[in-house]
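Asks: Below is a structure I'd like to ask you about.
The values are calculated or read from the model by the stated rules, or taken from the named source; none is laboratory data. Nothing here was measured: the structure is a model prediction, and the numbers come from that model. Every residue, glycine among them, receives a Cβ derived from its backbone with ideal geometry; neighbour counts consider all protein chains shown. What goes into the accessible areas is simple: the full protein's heavy atoms, side chains included, and nothing from ligands, DNA or RNA. Shrake-Rupley method; radii C 1.70, N 1.55, O 1.52, S 1.80 Å.
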Amino acid sequence: MDFFSLSPDEWNAVGLSVKVAAVAMVASLPVAIAVALLLARREFWGKSLLNGVVHLPLVLPPVVTGYVLLLTFGRRGLVGSFLADAFGLVFSFRWTGAALACAVMGFPLMVRAIRLSVEAVDTRLEDAASTLGANPLWVFLTVTLPLTLPGIIAGMILSFAKAMGEFGATITFVSNIPGETQTLPTAIYAYTQVPGGDPQALRLTAISVMISLAALMASEVLARRAGQRIAA
Amino acid sequence: MSLSVSIRHRLASLDINVNFESTGRLTALFGPSGCGKTTVINVIAGLLRPAEARIALDGDVFVDTASGRWTPPHLRRIGYVFQDARLLPHLTVQQNLRYGRWFTAASARYVDEAAVVELLGLSSLLARRPAHLSGGERQRVAIGRALLQSPRLLLMYEPLASLDDARKHEILPYVERLRDELKIPVVYVSHVLGEVTRLASDIILMSKGHVISAGPVRDVLPTLAAASGELAQEAGSLIDATVRAYDSDDGLTTLASPLGELRLAGAVGTPGKALRIHIRATDVMLATTPPSGLSALNVFQGTVAAIAEGDGASVDVRMAVGAAVVSARITRFSARRLALAQGKTVYAVVKAMSVRPPGA
């Protein structure tokens, strides 16, 4: 058997991982941009509390984050039952739940990268745009957002990479169901737990390394291109 | 154009209380650094919300704190050329130029893109990004960008301050051309008298948060004496003159002026070129008889129009020479010894070395 020919189950895990990571990244992006703007630009009551909550997944044991997600977004959870009844959106033991867990775990990384980038934007350029007739929304779309692009790209890649490697919160929240919630890390873990699973575990490990490396290199190229465009 | 400005605002180190009206083509806000010029211009632009203010342009009230009125900057159509250009770094020169134009309703556009590109000499820069422009080029693009939004009023904040002398001379003629050819009213902030006397039709003279005097440049310049420190030294007269000839052997330029023939050191332009000459009051000597045996090349006969008390030992004598007026600052002692009085015939003596074109 060829080392690189994957079984259907292994393909499932790879495809699911990429899907979960991509959805987690895209879905959390607008929220991350909004929170980053809020933290970078506004002063308000409870700002340090918000900042703390955003960063919690970074310092909590992933299993705790996963358990909290299970309590709130599970079938009987407050938010989970509402979303299931109102929109038919179920998280627990579904791939959507894996995406939610990955989004939450990657969120602080994404917010940090974007926030740093927003703080580096020269607000005097925004003033200049407003004297040229741009209302606040246009100023955001034509000045702030393009100048924040390197940070946004970096944040997206970080979130994606984090999602590709997420294990603890995912397995706690949505378990390890092949074809539904079994991502690369949880699949590798499962193969290491059965006798004779080493070749599979090794193959998936190699794939995991390749995908992560490709993502990091792509981010490097994109960020450099964006950086060149806005270099002062 | 009529601009009416009334601002009361408190900064950390300065109380600002400014009232003025201007109908000038190019109104200079002039005063030393830290006198409140920045606050005034930012309130006009809408980038600063003051404690109390009323700003109106041609009857449109942008700000009136008494009635709670506030027009945000993007609805004012006031162009703003910043000292540091502030071009958008992610856009090309052409995209920068078109940025403000895009937000201006088609019916309100009166400035032609091709004309501005030609006026400011930008055609070879259009595809470049701001990072690849020199300081002078950046400033020209910034001026073009503000013009292309078809502004009702153009604010220029020390647009030359970040440039070296060569670049300043590159920009100054463009400012004159937009003042004279496009006829857009301009408010020009500067602390450099040379720029102001060369460009301005009107001056708002500021010091320590207050307006000291305001009006046409010829009326305000002699009152610089009331200002403090170095500004007082710059008090004097502005004379409109035309280059007649340049003598390269002696390095002297002869000008035709309302005072008569005026000679100054150095080449200042080709024959026929119009320029303004600034004669500092402290550079003018007075005599009651026609002086002879002098090294000074410029002697004008006139009559004393007015004598004003200066501070300390000085008095300011305003002297009519034909239709023109020359200010002289002399000691009170000399004025008494020469028995100067209104209507008395006097001779003003000005060294060719002391006559200079503003902005030089």
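Asks: Would you work out the charge dipole size for region B:1-101 about its Cα centre, treating the Cβ of every Lys and Arg as +1 and the Cβ of every Asp and Glu as -1, and quote it to the nearest 20 debye?
Replies: In debye, rounded to 20, region B:1-101 gives about 280.
Asks: Given the DSSP H assignment, sum -39500 (n - 2.57) over each helix run of at least 4 residues in chain A and divide by its residue total; what's the result at 222 nm in deg cm²/dmol, nearest 500?
Replies: The helix-only estimate for chain A comes to -25500 deg cm²/dmol at 222 nm.
Asks: While we're on this one: What do you reckon, how do B:His74, B:His132 stack up by accessible area (1.4 Å probe), largest on top?
Replies: From most accessible down to least: B:His132, B:His74.
Asks: With each run of n ≥ 4 DSSP H residues scored as -39500 (n - 2.57), what mean residue ellipticity at 222 nm is computed for chain B after dividing by its residue count and rounding to the nearest 500 deg cm²/dmol?
Replies: Theoretical 222 nm ellipticity from helices: -5500 deg cm²/dmol.
Asks: Using the Cα centre of region B:134-196 as origin and beta-carbon charges of +1 (Lys, Arg) and -1 (Asp, Glu), tell me which of B:Leu153, B:Tyr174, B:His191 is placed farthest towards the positive end of the dipole.
Replies: Value: B:Leu153.
Asks: Take every Cα pair under 8 Å in chain B that's 6+ residues apart, average their separations, divide by the length, and report that relative contact order as a whole percent.
Replies: 16 percent
Asks: Which of A:Leu149, A:Leu125, A:Leu158 moves most in a GNM of chain A, Cα contacts under 10 Å?
Replies: A:Leu125
Asks: Still on this structure: Positive end of the dipole of the protein assembly as shown, charges at C-beta (+1 Lys, Arg; -1 Asp, Glu), about the Cα centre: which of A:Leu50, B:Ala12, B:Leu221 has its Cα farthest in that direction?
Replies: Sorting the options by dipole projection puts first B:Leu221.
Asks: Report, in debye and to the nearest 20, how large the dipole of the protein assembly as shown comes out about its Cα centre when Lys and Arg carry +1 and Asp and Glu carry -1 on their Cβ.
Replies: 700 debye
Asks: Let me ask you something else. Could you work out how far apart the two model spin labels at B:Thr289 and A:Thr192 are, taking each label as a point 7 Å from the Cα in the direction of the beta carbon, and quote it in nm?
Replies: Label at B:Thr289, label at A:Thr192, 11.3 nm between them.
Asks: May I ask you to list the lysines whose Cα is less than 28 Å away from that of B:Lys273, ignoring any residue fewer than eight positions away on the same chain?
Replies: Result set, ordered by chain and number: B:Lys168, B:Lys183, B:Lys351.
Asks: Given H placed 1.01 Å from N in the peptide plane, which residues other than close sequence neighbours of B:Phe62 have an amide H under 5 Å from its amide H?
Replies: Close amide H contacts, sequence-distant or interchain: B:Ile55, B:Ala56, B:Leu57.
Asks: Among B:Ala296, B:Ala214, B:Ala105, which one shows the biggest mean-square fluctuation in a GNM of chain B, springs joining Cα atoms closer than 10 Å?
Replies: Greatest mean-square fluctuation among the candidates belongs to B:Ala105.
Asks: Using +1 on the beta carbon of Lys and Arg, -1 on that of Asp and Glu, and nothing else charged, what's the dipole of chain A about the Cα centre, debye to 20?
Replies: 420 debye
Asks: Suppose a student asked you for the relative contact order of chain A, using Cα pairs under 8 Å spaced at least 6 residues apart; what percent would you report?
Replies: It rounds to 29 percent for chain A.
Asks: Just from the alpha-carbon atoms, what are the Rg and Dmax of region B:50-102 in angstroms?
Replies: Rg and Dmax of region B:50-102, Cα atoms, are 14.8, 43 Å.
Asks: If you don't mind, there's one more thing I want to ask. Could you run the Karplus curve 6.51 cos²θ - 1.76 cosθ + 1.60 with θ = phi - 60° over region B:58-64 and give me ³J(HN,Hα) per residue in whole Hz, x for Gly and Pro?
Replies: 6, x, 7, 8, 8, 9, 8
Asks: Set the Förster radius R0 to 41 Å, insert the Cβ-Cβ distance between B:Arg69 and B:Asp219 as r into 1/(1 + (r/R0)^6), and round the FRET efficiency to 0.05.
Replies: The value I calculate is 0.80.
Asks: May I ask you to evaluate 6.51 cos²θ - 1.76 cosθ + 1.60, the Karplus curve with θ = phi - 60°, for each residue of region B:286-294 and list the ³J(HN,Hα) values in order in whole Hz, giving x for glycine and proline?
Replies: Coupling constants for region B:286-294: 10, 9, 9, 10, x, x, 9, x, 10 Hz.
Asks: Relative contact order for region B:1-96: what percent, with Cα pairs under 8 Å and sequence separation of 6 or more?
Replies: 25 percent
Asks: Lys/Arg Cβ at +1, Asp/Glu Cβ at -1, dipole of chain A taken about the Cα centre: which of A:Val79, A:Ala215, A:Ala120 is farthest positive-ward?
Replies: My answer, from the dipole projection, is A:Ala120.
Asks: Take the Cα of B:Asp164, step 7 Å along the line toward its Cβ, and report every residue of region B:127-154 whose backbone nitrogen sits under 12 Å from that point.
Replies: B:135-136
Asks: Another question about this same structure. Each residue of region B:75-80 in order: what ³J(HN,Hα) in whole Hz does its phi give by Karplus 6.51 cos²θ - 1.76 cosθ + 1.60, θ = phi - 60°, with x for Gly and Pro?
Replies: Here the 3J(HN,Hα) series is 9, 8, 6, 10, x, 9 Hz.
Asks: Using the basic label-point model (7 angstrom from Cα toward the beta carbon), what is the B:Ala305 to B:Arg49 distance in nanometres?
Replies: Output for this residue pair reads 4.7 nm.
Asks: In addition: Go ahead and set up a Gaussian network model of chain B, Cα springs under 10 Å, then flag whichever of B:Leu122, B:Leu148, B:Leu26 fluctuates most.
Replies: Ranking B:Leu122, B:Leu148, B:Leu26 by mean-square fluctuation puts B:Leu122 first.
Asks: Using a probe radius of 1.4 Å on heavy atoms only, what accessible surface per residue do you get for chain B? Whole Å² is fine.
Replies: 43 Å²
Asks: Now for a separate question. Kirkwood hydrodynamic radius of region A:25-64 from all distinct Cα pairs, in Å?
Replies: The Cα-based Kirkwood calculation yields 11.3 Å.
Asks: Over the Cα atoms of the protein assembly as shown, what radius of gyration and what Dmax do you get, in Å?
Replies: Considering the protein assembly as shown through its Cα atoms, Rg and Dmax are 35.1, 121 Å.
Asks: State the three equivalent ellipsoid semi-axes of region B:1-155, derived from the C-alpha gyration tensor as the square roots of 5 times its eigenvalues, in descending order and whole Å.
Replies: Ellipsoid semi-axes (Å, largest first): 30, 18, 14.
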